[in-house]
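Visitor: A single structure is presented below for examination.
The values are calculated or read from the model by the stated rules, or taken from the named source; none is laboratory data. Since the structure is predicted, the reported quantities are computational estimates derived from the model, not experimental observations. All Cβ positions, even for glycine, are placed from backbone atoms using ideal geometry, and neighbour counts span all protein chains on display. For accessibility, only protein heavy atoms count, side chains too; no ligands or nucleic acids. Shrake-Rupley method; radii C 1.70, N 1.55, O 1.52, S 1.80 Å.
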Amino acid sequence: MSFPQHLQARKQNLEEFVALLKEEQALYSTVTLPGDAMMALAERKSAMANKAEELNKLTNVGLARLNYPLGREGAQRLAQEQKCLPLWDEIVDLAMKAKVQNEVNGTLLQMRWEPTKQMSALLQKLSGSSLYGPDGKSARNAIGGVNTRA
């Protein structure tokens, strides 16, 4: 595979990854999170990230064989020499878009998680230190002084 073809594969991988991140943002924006869709999306994202890592390793193997510096510097130099610098620049731009989109999704996740975390802390405080004893049975018959068997 030529270096431009390899860069094209990296570009396609990043385009698909950015699309998944946008899909994730849409899911985070729904009223209730669809658990099955989130799980499927997480699996697809993981597969895309693994493929990106493999492509990056292949890039570095090729750079090492050609005696170029590893990483971004070497890839950019080779892209310039192979007359595919615009393709390399697109990859860099896509990587930045993915980074920004991932940060947006992280913020959305944090916004959704914070109320749940606060509610969990409140329930823990109301119920005492533990809802269950070491034997796995209810540590008490009441939550917050109210008999739950009533």
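Visitor: Which ones in the stretch 71-107 are part of a loop (DSSP other than H, G, I, E, B) and either out of contact with any Phe, Trp or Tyr (no Cβ under 9 Å at 6 or more places or on another chain) or open to solvent by less than 30 Å² (accessible area, probe 1.4 Å) (or both)?
Guide: Here is the first cut: in the stretch 71-107, the residues part of a loop (DSSP other than H, G, I, E, B) are 71, 82-84.
Once the filter is applied, which keeps residues that are part of a loop (DSSP other than H, G, I, E, B) and either out of contact with any Phe, Trp or Tyr (no Cβ under 9 Å at 6 or more places or on another chain) or open to solvent by less than 30 Å² (accessible area, probe 1.4 Å) (or both), the stretch 71-107 yields Gly71, Lys83, Cys84.
Visitor: Between a first residue in the stretch 52-70 that is assigned to a helix (DSSP H, G or I) and a second residue that is open to solvent by 70 Å² or more (accessible area, probe 1.4 Å), which pairs have beta carbons less than 8 Å apart while being 6 or more apart in sequence or on different chains?
Guide: Note: pairs meeting the criteria are Asn60/Leu70; Leu63/Leu70; Ala64/Leu70.
Visitor: Here is a follow-up. Residues in the stretch 61-75 that are polar (S, T, N, Q) and modelled with pLDDT under 95: how many?
Guide: The total comes to 0.
Visitor: Next question. With loosely packed, with under 12 Cβ neighbours inside 10 Å and either assigned to a helix (DSSP H, G or I) or of a type in the set (Phe, Trp, Tyr) (or both) as the only criterion, which of Gln25, Gln110 stands out?
Guide: Step by step, each of Gln25, Gln110 is checked, and only Gln110 is loosely packed, with under 12 Cβ neighbours inside 10 Å and either assigned to a helix (DSSP H, G or I) or of a type in the set (Phe, Trp, Tyr) (or both).
Visitor: Among the residues of the stretch 28-48, write down those that are under 17 Å from Glu103 (Cβ atoms), open to solvent by 60 Å² or more (accessible area, probe 1.4 Å) and assigned to a helix (DSSP H, G or I).
Guide: none
Visitor: Another question, if that's okay. Quickly run through the stretch 49-64 and pick out the residues that are open to solvent by less than 50 Å² (accessible area, probe 1.4 Å) and over 23 Å from the mean Cα position of the chain (by Cα).
Guide: Residues satisfying the conditions are Asn60, Gly62, Leu63.
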